[in-house]
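Here, each number is a calculation from the coordinates, and none is a lab measurement. Not measured: the values here are computed from a predicted model. A quick note on method: Cβ atoms are made from the backbone with ideal geometry, for glycine too, and the neighbour counts reach across all protein chains shown.
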Number of protein chains: 2
Amino acid sequence: MPELRQDYATKEWVIIATERAKRPHDLIKGRSDPPPLPDHDPHCPFCPGNEHLTPGELFALRDGASPTGQWRVRVVPNKFPALVPDGRPQRSRRGLYLRMEGVGQHEVVIETPEHNKTLALLTVEQVTDVVRVYRARYQALNENPANELVLIFRNHGERAGTSLVHPHSQIVATPFVPVPIRRQLYEAERHYDAMGRCVYCDILAHELEAGERIVVDNTHFVAFVPYAARGPFEVHILPKVHQASFGELPDEQLGDFAATLRTVLRKLYFGLKNPDYNFAIITAPHYQQNEPHFHWHLRILPRLTTPAGFEMGTGMFINVALPEENAQFLREVELPEG
Amino acid sequence: MPELRQDYATKEWVIIATERAKRPHDLIKGRSDPPPLPDHDPHCPFCPGNEHLTPGELFALRDGASPTGQWRVRVVPNKFPALVPDGRPQRSRRGLYLRMEGVGQHEVVIETPEHNKTLALLTVEQVTDVVRVYRARYQALNENPANELVLIFRNHGERAGTSLVHPHSQIVATPFVPVPIRRQLYEAERHYDAMGRCVYCDILAHELEAGERIVVDNTHFVAFVPYAARGPFEVHILPKVHQASFGELPDEQLGDFAATLRTVLRKLYFGLKNPDYNFAIITAPHYQQNEPHFHWHLRILPRLTTPAGFEMGTGMFINVALPEENAQFLREVELPEG
């Protein structure tokens, strides 16, 4: 019997289609090991030596204090930006419709000089560098009230929409709060007004107690498969102590966040043979930083199935895997040393 | 400069990313002609002669009056249903969360006995048969108030999530109104309460007057690229005279709807080399049939680009094509006779 589950935070229902349920084995069937890549590609714009192929550097972490030292993580404007910095987000009419200039920011975080080292294969120190850069750029962009929402995300693999293989993430700042994010905030506010608590804090407490969907339980962060996961092996990572916005992530928790993220990515990489995935950090918008009702979280969704006409027509998802089974599978994936 | 456009019906913004804009040529680059398929596959469960491989027939159109005549269109239960008929949509708690049994209907419409004739290659009479069957099943399912929403959709091609090549559509009835559909209804109600008119009727009138996004303008139906299209070559088809629910489609408009749909699918097929696509018929739920504020429509979205982490994180779409250019391209596609 299929099961319908409601997401406690968004109130959206998800179909857990056990009649079509796939074992992890079926979902990765036919996947071969990823083709080996060189650690340097002379044509890659993100490889060292090709820095002139990207627009001007916005930020970097370097070895030593010298500005000419080798960079470890590098941030540049996106060469084909979805939104651009110059202009004003003023609305105007075009016939019946509202429009505005596509104002905002679109940056690329080059995560490592090595062409073939995806995030799952970096050291904890390297991943800590990456999330440190995420936070630095988040805080810098968030200072400008015109950047109402700052979204950090990563596309891994062709099915996840990436075109460049060199490991990188992206950051987009939008000049307004996207409607679906506003609705998620609204549901969180409703919960807060009713219960006096953050809905994500309530979910966290429940998941830690239930245990069956937990993937990683670290000092400051928890990773779990959500009860109403939208697809196989979706994983959410939340800070244990309430933080509305990603910018609030304190120094002493950076390493723990990086370690949690890295462990989850490694479990996907080694357990599911390097699946394509997207992740995004969902965080409070500019004017709602530090509020008690929202709670930032990182959502990872492997691209193992294809949303189709049903999802397009209803906005509702069909998940062919059981969240509890997925969590158990990920808990049991044994990782190589390192 | 990228442009932000608001969907007048849903109030959601879409990024029209002209900086990354693709010409139709770029979007279909590398596509080869579809591999030829046989008109009959002895292993296909939807081919004539294999009727015993599907669950029991629910409905069919046959040549002549005889129940043993050759079927032209055939409806069967989905063998791997997302929702199943037996059970009650009663909510219960599992810890913090709401759940219910996955109750509903999931049917398959086999559109033609011919294995290799996709909808774009059928005659107008055949497509009229298909939409006649859509309406018959819609009306039958909608009679039961437990089926709160009846969604008809089609997945064409692997990137659109289909696994069987034999031409078919699907119908799912859900025991509740999915949250994103409820929100779309709510926005339509707000517009109606403010303006006293259906928001889709207003859009239709505007599009017919503006002309630049029109693809097909027939007697009873219009096809156009929406102002805030979510992806390249998205097309909406609407009845010109207000109809809240697909079940209201009158006999005398069936042929015109079929002809409009067929023309759009043929323009995609011949103009863009048989792209993968999804379509879905968005219609009023059971308890809102015949209301003045909603207006059913068919949405076609070719799968030419890949929604990625940005879309997952914000729920907002990036379209790399200009709707006006896409409409002009489709208007100019010349179709072969037939």
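Below, the figures for the structure above:
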{"quantity": "Mean separation of Cα contacts under 8 Å (6+ apart) over length of the stretch A:190-338, as relative contact order %", "calculated": "32"}
{"quantity": "Stokes-Einstein diffusion coefficient of chain A, Kirkwood radius over Cα pairs, 25 °C, 0.890 mPa s, in µm²/s", "calculated": "116"}
{"quantity": "Area projected by the alpha carbon convex hull of the stretch A:41-134, averaged over all directions, nm²", "calculated": "8.4"}
{"quantity": "Size-normalised alpha-carbon gyration radius of the stretch A:1-159, reference 2.2 N^0.38 Å", "calculated": "1.39"}
{"quantity": "Shielding of B:97-110 by partner chains, average beta-carbon count, 10 Å", "calculated": "4"}
{"quantity": "Radius ratio Rg over Rh of the stretch A:161-220, counting only Cα atoms, Kirkwood formula for Rh", "calculated": "1.12"}
{"quantity": "Fully extended contour minus Cα-Cα distance, from A:Glu143 to A:Asn290, at 0.36 nm per residue", "calculated": "51.5 nm"}
{"quantity": "Relative contact order of chain A, pairs being alpha-carbon contacts under 8 Å that are 6 or more residues apart, as %", "calculated": "21"}
{"quantity": "Cα-Cα separations in the stretch A:64-117 greater than 19 Å, expressed as whole percent", "calculated": "53"}
{"quantity": "Translational diffusion coefficient (Stokes-Einstein; Kirkwood radius from C-alpha pairs) of the stretch B:125-284 at 37 °C, 0.692 mPa s, in µm²/s", "calculated": "194"}
{"quantity": "Cα-derived Rg to Rh of the stretch B:31-76, Kirkwood definition", "calculated": "1.09"}
{"quantity": "Relative intensity, log₁₀ I(q)/I(0), of the stretch B:209-338 from a Debye sum that treats every alpha carbon as a point, q = 0.11, 0.17, 0.20, 0.21 Å⁻¹", "calculated": "-0.41, -0.94, -1.20, -1.27"}
{"quantity": "Lysine pairs within chain B, Cα separation less than 23 Å, 8 or more sequence positions apart or different chains", "calculated": "9"}
{"quantity": "Gaussian network model of chain B, springs between alpha carbon atoms under 10 Å - residue of B:Pro77, B:Pro307, B:Pro67 with greatest fluctuation", "calculated": "B:Pro67"}
{"quantity": "Kirkwood Rh in Å, taken over all unlike Cα pairs in the stretch B:101-165", "calculated": "13.6"}
{"quantity": "All-pairs alpha carbon distance profile, the protein assembly as shown, 10 Å steps from 0, percent", "calculated": "3, 15, 25, 27, 19, 9, 2, 0, 0"}
{"quantity": "For B:Arg62, distant residues with modelled amide H under 5 Å away", "calculated": "B:Arg72"}
{"quantity": "Inter-chain Cβ neighbour average for residues B:161-174, partner chain, 10 Å", "calculated": "2"}
{"quantity": "Of A:Tyr277, A:Tyr134, A:Tyr97, the one that fluctuates the most in a GNM where chain A has Cα springs shorter than 10 Å", "calculated": "A:Tyr97"}
{"quantity": "Mean ellipticity per residue at 222 nm, deg cm²/dmol - from DSSP H runs of n ≥ 4 across chain B, formula -39500 (n - 2.57)", "calculated": "-8500 deg cm²/dmol"}
{"quantity": "Sorted by Cβ density within 10 Å, fewest first, the residues B:Glu57, B:Glu107", "calculated": "B:Glu57, B:Glu107"}
{"quantity": "Net charge over other residues, Cβ less than 13 angstrom from the Cβ of A:Ala284 (K, R count +1; D, E count -1)", "calculated": "-3"}
{"quantity": "Centre separation in Å (Cα based) which lies between the stretch A:251-303 and the stretch A:105-131", "calculated": "14"}
{"quantity": "Cβ-placed point charges (K, R +1; D, E -1), dipole of the stretch A:55-195 about Cα centre in debye, nearest 20", "calculated": "480"}
{"quantity": "Dipole of chain A, positive end: most advanced residue of A:Val127, A:Ala17, A:Leu254 [Cβ charges, Cα centre]", "calculated": "A:Ala17"}
{"quantity": "The stretch B:267-319 - Rg over Rh from alpha carbon coordinates, Kirkwood radius", "calculated": "1.11"}
{"quantity": "Amide proton proximity set for B:Asp276, modelled H, under 5 Å, gap of 5+", "calculated": "B:Arg303"}
{"quantity": "Gain upon complete extension [B:Glu57, B:Val333; 0.36 nm per residue less C-alpha separation]", "calculated": "95.5 nm"}
{"quantity": "GNM result for chain B, Cα springs below 10 Å: residue of B:Ile300, B:Ile282, B:Ile181 fluctuating most strongly", "calculated": "B:Ile181"}
{"quantity": "Principal axis dimensions, the stretch A:96-220 - Cα atoms, whole angstrom, descending", "calculated": "51, 50, 30"}
